[in-house]
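Peer 1: After the structure tokens below, expect a handful of questions from me.
The values are calculated or read from the model by the stated rules, or taken from the named source; none is laboratory data. These numbers come from a predicted model, not from an experiment. In this analysis, Cβ positions are derived from the backbone assuming ideal geometry, glycine residues included, and neighbour counts consider all displayed protein chains. These accessible areas exclude ligands, DNA and RNA; they are computed on the full protein's heavy atoms, side chains included. Shrake-Rupley method; radii C 1.70, N 1.55, O 1.52, S 1.80 Å.
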Amino acid sequence: MKRKLFIVGFILFVSGIGFAQEIDFSGTLGTDLGCYAPRTENAGDFSIGKIDFTGAIEAYAGNGTLFIEGNVENDFISDSLSFDLSEAYIDYSDSFWGVRIGQQKVAWGKADGISITNSVFPVDSSSLNNDDNSVAIKALRFSLNGNSFTVDGFVIPFFTGTKLPLEKNNPLKKAILPDSVKISQNGTDINLTLNIGELSTPELNLKNMEFGLKASGYFSFCDFSLYGFYGWDKMPVLSYQVNTVLHPVYNVEVPESLTVNGEYKRLTMAGFDMAVPVGPVVLRGESSFFFNRAFQTSSSAIMNGKENFVNQNQLMALAGFDWMPSGWTITAQYYCDFLFSKSADTERSNAFEHGATLSISKSLLNDTLDFSFNGLVGFNDFDSALFASAKYKLTDQIGFTAGTNVFLPGREEGTYGKYKDLSSIFLKAEYSW
């Protein structure tokens, strides 16, 4: 089936190129090399080693656009070669309306590095080294465009979930799902091997389609957007199945391993965002409400016979500002996440979670040297993640980047502290055209 779809897509692509009035080609060839930082579990080991090529072709004919972008990556760490089709769509736009069909990405929400209203577009969580971790959806988008507003409606017939680090050699897998777990049986601790089972995605039929709506207004005193989504959560809810074997001496079934399976649950969201300019500062706000969202039950509760998820109403909100004084770009945000009636069985430890982010960047030497810093801190456990880099542009096409990613636990490991052994330093060279 995939091969047939590829052939049809390739024919459409070649046909579109043939009738195009204008064609643009662009691409980036990059090499990344990194190692784990001192005082980590695998200090000095290579954390990243790859060469990748990203290429895009954009063809125009009248009011129509054909766009395809793909990536080829050779990973030296896992000794693998992979191809990813990032986007591939046909777009038609008139003065008042437009339509786009295919695999596409759209900006959804104004938050920087935090997902508040974005429940439509999944992310690539399989690596900490992605410059862009957004994942395209396969959708039909209808647009209405006015002088001071836009309305985008999405019909999404094919489900796309968050890309998870489930490969055995992925260093992120250990931080999320360990190789083994310890359970107690009759007062004795038993270590069970943890196996990855099946992620059951929604069946491909009309009743399982997803729908999204974004309506935006643009005025001199503020910009705002309203959001609505009815579909599926992009993260699965996990369940655990105990596998047993016959004890050779006592002739009874004893636990041997655990198999982790996952399924995706329905999701309904309503939200908004706004940006208000106040002199040199832009104030931003964003909020979303999730109706009876399915939250993961703790593994201990599941092992004791409880359901693997609990439905809770959830409210998320963010407030922040953007400021650009004298070549600096500064963004600061405060975010919070609240469950209205948290169950004791929920894997999440706090009904109210909150934190802050800070982003600072500066260009020097006639915009040939760029410094950037991004920090995130969780106020519940005071765990944090810090990202710093410096990029030097040798020419308009050639650039070199050096940087570091640091993850620090607080009172508890928290959201970011569990990645403490993945702190690393890296170098990157790229050529773009």
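Peer 1: Express in nm, to one decimal, how much length is gained between SER78 and GLU22 on full extension, taking 0.36 nm for each residue of separation and deducting their alpha carbon distance.
Peer 2: Full extension of this stretch gives 16.2 nm more.
Peer 1: Assuming R0 = 45 Å, can you tell me the calculated FRET efficiency for the pair THR31 and GLN241, based on Cβ-Cβ distance, to the nearest 0.05?
Peer 2: Given R0 = 45 Å and the Cβ-Cβ separation, E is 0.60.
Peer 1: Right, another one. Under 25 °C and 0.890 mPa s, how fast does the range 154-313 diffuse according to Stokes-Einstein, given a Kirkwood radius computed over C-alpha pairs? Answer in µm²/s, whole number.
Peer 2: Answer from the Stokes-Einstein relation: 127 µm²/s.
Peer 1: First check a/c for the range 39-122, with a ≥ b ≥ c the square roots of the eigenvalues of its C-alpha gyration tensor; if it is under 1.5, answer rounded, and if not, answer prolate when a/b is larger than b/c or oblate otherwise.
Peer 2: Here the range 39-122 falls in the oblate category.
Peer 1: Around ARG293, under 13 Å between beta carbons, what's the net of Lys plus Arg minus Asp minus Glu among the other residues?
Peer 2: In short, +3.
Peer 1: Give me the percent of the accessible area of the range 87-209 that comes from carbon and sulfur atoms, probe 1.4 Å, all protein chains in place. Please report the intermediate quantities before stating the final value.
Peer 2: Numbers: 3540 of 6760 Å².
Carbon and sulfur together cover 52 percent of it.
Peer 1: Testing the spin-label approximation: label points 7 Å from Cα along Cα→Cβ at PHE379 and ALA351. State their distance in nm.
Peer 2: 1.8 nm
Peer 1: Now for a separate question. Over all distinct Cα pairs, what is the inverse of the mean 1/r for the range 381-433, reported as the Kirkwood hydrodynamic radius in Å?
Peer 2: About 12.5 Å, per the Kirkwood formula over Cα pairs.
Peer 1: With 20 Å as the cut-off, how large is the P(r) tail for the range 87-148, expressed as percent of Cα-Cα pairs? Working shown, then result.
Peer 2: Values: 748 of 1891 pairs.
The share of Cα pairs beyond 20 Å in the range 87-148 comes to 40 percent.
Peer 1: Counting Lys and Arg as +1 and Asp and Glu as -1, what is the net charge of the other residues whose Cβ lies under 14 Å from the Cβ of LEU140?
Peer 2: Numbers: positive: ARG100, LYS138, ARG141; negative: ASP91, ASP152, GLU210.
Neighbourhood net charge equals 0.
Peer 1: So if I place +1 on the C-beta of Lys and Arg and -1 on the C-beta of Asp and Glu, and nothing else carries charge, what would the dipole magnitude of the range 95-144 be about its Cα centre? I want it in debye, nearest 20. Spell out each step's value before the answer.
Peer 2: On the way: 5 positive and 4 negative charges, 66 e Å.
Dipole of the range 95-144, to the nearest 20 debye: 320 debye.
Peer 1: Calculate the spin-label point distance for SER432 paired with LEU394, positioning each point 7 Å from the Cα along the beta-carbon direction, and give it in nanometres.
Peer 2: Taking the two extended label points, one gets 1.6 nm.
Peer 1: Which three extents, in angstrom, do the Cα atoms of the range 313-417 have along their principal axes, listed largest first?
Peer 2: 57, 25, 22
Peer 1: Could I ask something else about it? Using a Förster distance of 45 Å, how high is the FRET efficiency between ASN145 and GLU413, based on the Cβ-Cβ distance and rounded to 0.05?
Peer 2: E between ASN145 and GLU413, to the nearest 0.05, is 0.45.
Peer 1: Could you give the angle, 0 to 90 degrees to the nearest 10, between helix 2-19's Cα long axis and the longest principal axis of the Cα atoms of the chain?
Peer 2: So the inclination is approximately 10 degrees.
Peer 1: Also: If only Cα atoms are counted, what is the Rg of the chain, and what is its Dmax, in Å?
Peer 2: Reported Rg and Dmax, both Å: 23.8, 80.
Peer 1: Report the FRET efficiency, 1/(1 + (r/R0)^6), for SER341 and SER220, where r is their Cβ-Cβ distance and R0 is 45 Å, rounded to 0.05. Walk me through the intermediate numbers first.
Peer 2: On the way: r = 42 Å, r/R0 = 0.93.
Efficiency, from the Cβ-Cβ distance: 0.60.
Peer 1: From the C-alpha coordinates alone, can you work out the Kirkwood hydrodynamic radius of the range 67-181, in Å?
Peer 2: It works out to 16.6 Å.
Peer 1: Just the accessible area per residue of the chain, please: how many Å² with a 1.4 Å probe?
Peer 2: Value for the chain: 56 Å² per residue.
Peer 1: Keeping all protein chains in place and using 1.4 angstrom, which order do GLU58, GLU256 fall into by accessible surface area, from largest down?
Peer 2: On the way: GLU58 50, GLU256 100 Å².
So the residues, ranked largest to smallest area, are GLU256, GLU58.
Peer 1: Let me spell out the model: positive unit charges on the Cβ of Lys and Arg, negative unit charges on the Cβ of Asp and Glu, origin at the Cα centre of the chain. What dipole size does that give, in debye rounded to 20?
Peer 2: Roughly 600 debye for the chain.
Peer 1: For the peptides 281-287, 410-416, what is the packing order when you average, over each peptide's residues, the other Cβ atoms within 10 Å and list the highest mean first?
Peer 2: Ranking the peptides 281-287, 410-416 by packing returns 281-287, 410-416.
Peer 1: Order the peptides 204-212, 28-36 from the highest to the lowest mean number of other Cβ atoms within 10 Å of their residues.
Peer 2: 28-36, 204-212
Peer 1: Separate question: Quick check of the Kirkwood formula: for the range 244-291, what is the inverse mean of 1/r over all pairs of different Cα atoms, in Å?
Peer 2: Over the range 244-291, the inverse of the mean reciprocal pair distance is 16.6 Å.
Peer 1: Restricting to DSSP H runs of at least four residues, report the calculated mean residue ellipticity at 222 nm for the chain, -39500 (n - 2.57) per run over all residues, nearest 500 deg cm²/dmol.
Peer 2: So the helix-based figure for the chain works out to -2000 deg cm²/dmol.
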